Structure formats: C-alpha cells, structure tokens
Amino acid sequence: MTDHEYPTVADDDVVYNLQKQSRDPNGVLEGLRYFQTVQKLPDCTSEQLIEEWTQFHEAISGLLPPRYLAGERYPNLTPLGHWETVFEVDYYSNFDLPRGRTVWLILFHELIREEFITLLQNDILAKYPLWRVYVKTTDIDLDLLTGAAKACDILVYPNAVRYGNLASGMDKASDFSNWKTEAARLYWEIAGSEIRQFEWVKSRVPKLLPMMQENEIEVVGAVDCGSEWSLWYLEEESQDYHYFVMDHGSLARGEVSKVMPGDNFSINRHGEVGGRDVYGSNNTKTILKNCSFPKSILDDLEVHRKSRQGESGDSYKKWRLIVDSDLIAKESDFA
C-alpha cells in the first residue's frame with residue numbers, strides 16, 4: 001500500500017479500520033467510506049475499542065513530553081495568545097468513533113520536526129498498527145468553517161504520512177520540508193492579519209493599565225472589519241460585579257444584544273498580555289477582552305454593571321462607552 005492510497009486530512013467521510021456494523025449498526029448513514037489496512041479487522045465491542053483508544057492515548061501522553069518536548073524551548077503561547085493549542089493530547093475527550101481508530105493531538109506547527117514523525121511511528125504506532133494519529137498543527141479555528149487550515153494538519157500512519165493535501169513524493173525528507181514551508185505560508189496567509197492586529201492591541205495596553213486604578217472599563221482600540229467592528233477593552237475583574245457591553249436600549253426592549261463576546265486575556269502587572277481565557281494572573285485583576293458588533297451600533301454602545309449578589313441600591317449601573325477616533329484602526333492596516 002503506497003502513501004497515496006491513505007486518506008488525507010480532508011477525507012472527513014472516511015472511517016479508518018472500523019467495521020461498518022460498528023460505525024453504523026442500523027445501516028442509516030450514507031456517504032461514508034471505509035478504509036482498512038488489513039483484510040479482516042478483529043472483532044471487538046465498543047467497550048474494547050474504547051479500551052484500545054485509552055491505551056493508545058496513554059502511550060502518546062507518556063512518551064511525547066519526556067522524549068520529544070522535554071528538550072524543546074517551545075513557547076507557552078501561540079502568536080494569537082492561545083496556550084491550549086501549543087501541545088495537547090486530549091483534543092477529544094473520548095474515542096473518536098466517527099473517524100474510526102484515530103487519536104487526535106495538537107502540536108503547534110513551528111514545533112514539529114521529522115523526529116516527531118519518526119517517534120510516533122517507531123515507538124507508538126508500531127505497537128498499535130491498526131491506529132493512526134491526526135495532528136492538528138495550528139491554533140486557527142477557521143478550518144471549522146472553510147477547511148482552509150486543514151492543509152497544515154498531518155495524518156500519521158504506521159507506514160505512511162499524509163501532509164495536509166500535498167501529494168506524497170519518493171523522498172520522505174522532501175515531503176516533510178514541503179509541508180513545513182506550506183504550513184508556515186498558510187498560517188500567515190490565514191492568520192497574519194489577526195496576529196498583527198493582536199500585536200497592535202498588546203502594544204497599547206501598558207500605557208493604559210495605570211488608568212484602571214480609576215476606571216472600570218478602558219477602551220484599548222477598535223478595528224473596522226468592513227461589515228462589523230472588533231472592539232478591545234480593559235476590564236477590572238471584580239468579585240462583586242459582572243460587566244456587559246451591549247447596544248443601547250436592547251435590554252429595555254427585551255432584545256438580544258447585537259454585541260458578540262470574544263476572547264479574554266490575562267494581563268500581568270507590567271501590562272504584558274498573556275494567555276486566552278485566563279483571569280487575574282500575576283497579581284493583577286485586569287483582563288483584556290474582545291467583542292464584535294455590527295457597524296451600525298458603534299455610537300450606541302453602553303456598559304452594564306450588574307451585581308453578582310443581585311440588584312439592590314447602586315449595584316446596577318450603566319454608562320455609554322465612547323470610542324474616540326484616535327482609538328480606531330482599519331483591518332486593511334494589518335493586511
């Protein structure tokens with residue numbers, strides 16, 4: 001069996017080394033393909049498959065950190081501030097039944113060397129020849145919508161590797177080198193504008209941090225993204241209050257706010273922005289928040305402060321959120 005015969009990362013309709021009766025016992029699913037590396041798969045129950053998955057998962061978790069990552073000075077965060085997509089085996093919390101005998105893991109593409117592929121094949125897959133490893137290599141969520149970032153991902157088989165959608169050649173080193181170049185190019189093509197925007201926002205935070213001693217909310221910047229705005233602001237995390245940015249009057253009218261909350265990032269006492277979805281680290285209670293909303297409501301934004309203990313006295317408060325012109329950039333500035 002040649003590398004070209006193995007499914008690629010784009011083959012979502014392929015069930016790998018799993019009998020049809022296990023994946024679709026009632027025969028109601030259509031459009032699935034079944035790929036087997038052996039003529040006859042061993043009979044096993046769902047419980048036995050989950051046990052196989054558990055053993056395989058534990059083998060990877062126990063091998064990669066000490067053998068591959070221990071000597072790496074790899075970053076704690078990606079350029080987009082995502083700590084959870086640098087390295088993670090528990091990408092799925094249970095057996096990935098839709099894809100068959102497959103274990104997912106995340107390893108940021110900048111950390112992947114040929115030794116990683118060799119280690120997976122020789123020390124893991126050699127002991128589990130019916131399994132494969134899907135390696136998600138970026139922190140880009142765009143592939144959930146378009147499939148674009150899947151071209152950066154890798155499928156590792158016991159005796160083959162499929163790098164994104166690239167055709168396999170005769171030389172393994174060349175295949176890896178071609179993928180490495182293509183993955184870096186695609187990552188910056190898809191995420192470059194967002195990374196540059198994030199760097200712009202982070203550069204503005206240190207000078208604004210002292211103002212949080214007096215203010216509960218401080219606008220860092222707003223980016224005109226064409227059909228909508230992306231707003232970044234500092235918020236003082238409080239045990240007493242919740243804060244909400246919403247469009248004026250939506251609550252009184254009983255409408256759902258048009259403001260969509262985004263990510264949160266920690267900030268240390270020096271104004272350095274840390275990881276996504278981390279609160280109050282490094283002895284500070286200030287966090288960087290992001291939200292998006294239609295262009296039509298930029299001048300109708302307001303902050304609502306609501307007590308965590310229920311509304312009484314001055315526990316509920318609201319005020320207009322003003323975005324001055326010197327705080328505005330255009331998405332094209334970061335292209």
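Worth pointing out:
- Over 30 Å (Cα to Cα) - which of K136/K207; K20/K136; K180/K289 fall in this group: K136/K207; K180/K289
- Stretching H248 away from W319 to a fully extended chain increases their span by 24.6 nm, per 0.36 nm per residue minus the current alpha-carbon distance.
- The angle separating the long axis of helix 46-64 from the principal Cα axis of greatest extent in the chain is about 70 degrees.
- Cross-link reach list, aspartates and glutamates versus K172, counting only Cα pairs under 17 Å and skipping chain neighbours closer than eight places: D3, E5, E114, E115, D153, E182
- Distance in nm between pseudo-label sites at S238 and T45 (7 Å out along the Cβ direction from Cα): 5.6 nm
- Sites H270 and R308, calculated FRET efficiency, Cβ-Cβ separation with R0 30 Å, nearest 0.05: 0.55
- Computed log₁₀ I(q)/I(0) - Debye formula, equal Cα scatterers, no solvent, the stretch 168-236, q 0.20, 0.29 Å⁻¹: -0.86, -1.18
- The chain: C-alpha gyration tensor shape, a/c 1.5 cut-off, then a/b vs b/c: prolate
- Carbon-plus-sulfur accessible fraction, the chain (probe radius 1.4 Å, protein heavy atoms only): 48%.
- Accessible area (Å², per residue) of the chain, counting only protein heavy atoms and a probe of 1.4 Å: 52 Å²
- Heavy-atom accessible area with a 1.4 Å probe sorts C152, C44, largest first, into C44, C152.
The values are calculated or read from the model by the stated rules, or taken from the named source; none is laboratory data. As the structure is a computational prediction, the values presented were derived from the model and not from experiment. Don't worry about glycine lacking a Cβ; one is built from the backbone with ideal geometry, like all the others, and counts go over all protein chains shown. Accessible surface areas use protein heavy atoms only, side chains included; no ligands, DNA or RNA. Shrake-Rupley method; radii C 1.70, N 1.55, O 1.52, S 1.80 Å.
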